[in-house]
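All of the numbers you see were taken from the coordinates with simple rules; none came from a lab. Predicted model only: the values in this text are computed from it and were never measured. Counting neighbours? That spans all protein chains shown, and the Cβs are built from the backbone with ideal geometry, glycine included.
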Amino acid sequence: MANLSRCNLTHANLCCSNLERADLSGANLDGANLQGVKMLCSNAEGASLRGCNFEDPSGLKANLEGANLKGVDMEGSQMTGINLRNCDLSGCDLQEANLRGSNVKGAIFEEMLTPLHMSQSVR
């Protein structure tokens with residue numbers, strides 16, 4: 001388990017990195033390239049992922065299943081098709097974030113800082 005707590009990883013190229021079970025709490029990942037990153041069960045509580053690129057045209061898809069993303073700033077992030085299953089997204093800023101095609105089954109969307117607009121109804 002990597003301890004990257006409170007690290008400044010602004011604009012870092014972390015493409016295809018394995019950050020499973022990593023502690024990213026309070027880290028600054030603004031503008032980072034996180035294409036294909038694996039963050040299974042990682043802790044990113046209070047981190048800033050503003051403007052991050054999770055989008056992956058190669059189809060590797062980021063895996064953030066079960067990650068603690070409570071209070072994370074993901075404004076403007078490209079997160080198409082990533083796995084957010086069972087993530088805690090409480091208090092996140094998802095303004096202008098692109099979650100199209102992402103798996104959000106079981107995710108917690110409480111205390112959102114901005115309204116979440118969806119183009120389709122959720123059943």
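Some notes on this structure:
- Working value for the chain: equivalent-ellipsoid semi-axes of 20, 16, 14 Å, each the square root of 5 times a Cα gyration tensor eigenvalue, largest first.
- 17 Å Cα-Cα reach of LYS38 towards aspartates and glutamates, excluding residues that sit fewer than 8 places from it in its own chain: GLU20, ASP23, GLU55, ASP56, GLU65, ASP88
- Separation in nanometres of the label points that stand 7 Å from Cα toward Cβ, at ASN3 and ASN86: 2.6 nm
- Spin-label model, ASN98 to MET112: label points 7 Å out along the Cα-to-beta-carbon direction sit 1.9 nm apart.
- Here CYS16 and CYS41 are evaluated by their C-beta separation; at R0 = 22 Å the FRET efficiency comes out at 0.75.
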